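Remarks on the structure that follows.
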Amino acid sequence: MAMPTQQKYPLMIHKPIFRILDLCCGDGGSAVGYAKALEALGYKVEILGIDIERMEDYPYFFIQDDVVDFIERTPYEWFQQFDLIHASPPCQWASITRELAIAQGNLPSDINIMPEIRIFLKQGDIPYVIENVVKAWACERCNSLRMRGEKAIPGCKECKEVRKPHTILCGSSFDLAVQRHRMFETSFPIEKLPCNHKTDSWPIGPKGKPKPIGIYHSLNDYVGMTKWKRWDEGGRKGPEPTLGGWTAKTLEEAQQAMGISHISKWKRLKEAIPPAYTEHIAKCFIDWRDKQPKPKAQVQEKKMLDAN
Ligand SMILES: [Zn+2]
Ligand SMILES: [Zn+2]
């Protein structure tokens with residue numbers, strides 16, 4: 001009797017599964033970054049996103065729910081099926097574009113569920129990533145000032161201390177046309193990447209220097225209209241942008257600037273973070289996890305992955 005060939009009976013190669021819980025997931029800018037990095041490393045990736053609003057373009061499993069309620073009523077054992085928990089709590093209350101939103105008649109949301117999410121993640125033993133705008137991490141005094149609608153202390157030293165252990169990522173480090181400084185508080189180290197604000201990826205602004213493309217309130221908007229200096233260089237006419245730069249003119253321009261192709265609505269795109277950020281974080285996470293002492297089963301899994 002002839003031996004069965006390998007073609008007829010393919011080897012069952014086990015791909016390790018990597019599970020991510022994505023809290024306040026939005027339409028999945030972060031999620032696709034994790035998936036891209038982990039799939040390239042040979043993992044089968046399963047992601048579950050939870051958000052209070054329906055996210056039509058979210059590309060993975062999705063539950064529409066209030067994240068804080070969900071955390072409170074779900075046993076911690078359930079969360080332990082995940083390798084990593086990512087959270088992007090709403091940040092409008094701390095956003096630099098808040099004043100502009102008010103000026104334009106859009107009342108920003110004052111919901112701040114970051115403290116609850118932070119306590120939950122820090123008390124547990126599941127690796128986590130908390131993402132937000134830089135100002136979301138502040139000293140108690142500045143936090144309460146801002147919650148009252150007042151300005152935080154300029155150049156506050158205590159705020160600097162609070163932010164020190166965390167990592168800022170910038171679009172310029174990934175050759176993206178956006179700046180989008182975002183801060184990441186993680187339970188594992190992330191490699192810091194220097195900003196490159198002279199990048200060729202940013203269009204040239206009014207002073208002959210590169211200026212990032214803004215993806216904020218409305219398409220083709222001018223951000224930070226504090227100086228009404230006319231400027232028509234490069235076909236753009238209008239007041240000089242002083243805050244972030246020019247807002248993208250089309251959805252396609254914004255998608256390209258962010259490195260996102262799956263989000264089809266401006267409303268969701270402007271809330272997203274570039275997947276390049278979490279792609280970087282996922283790689284740092286795996287580097288870190290590989291260096292940790294492992295139980296035997298995981299060593300076996302790693303060998304199979306390497307042989308793959
Ligand atoms: Zn402060
Ligand atoms: Zn930067």
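Any read-out appearing in this document is the output of simple, stated calculations on the displayed coordinates, not a laboratory observation. Quick caveat, the model's predicted, so the values are computed rather than measured. A quick note on method: Cβ atoms are made from the backbone with ideal geometry, for glycine too, and the neighbour counts reach across all protein chains shown.
Computed from label points 7 Å out along Cα-Cβ, the spacing between Glu56 and Val134 is 3.5 nm. Computed packing ranks the peptides 279-290, 177-188, 159-170 as 177-188, 279-290, 159-170, most packed first, by mean other Cβ atoms within 10 Å.
Going by average Cβ neighbours within 10 Å, how do the peptides 64-72, 125-133, 36-44 rank, with the highest at the top? Could the numbers behind the result be given before it?
Working: 64-72: 14.6, 125-133: 20.0, 36-44: 16.7.
Descending packing order for the listed peptides: 125-133, 36-44, 64-72.
For the range 160-175, putting each phi into the Karplus relation 6.51 cos²θ - 1.76 cosθ + 1.60 with θ = phi - 60° gives couplings of 4, 4, 4, 7, 3, x, 9, 10, 9, 10, 9, x, 5, 6, 10, 6 Hz, in residue order, rounded to whole numbers and with x for Gly and Pro.
Within the set Lys198/Lys283; Lys36/Lys283; Lys249/Lys270, which residue pairs have Cα atoms separated by over 18 Å?
Values: Lys198/Lys283 26 Å; Lys36/Lys283 10 Å; Lys249/Lys270 13 Å.
Over 18 Å apart, Cα to Cα: Lys198/Lys283.
Model label sites at Glu46 and Asp290, defined 7 Å from Cα along the beta-carbon direction, differ in position by 2.5 nm.
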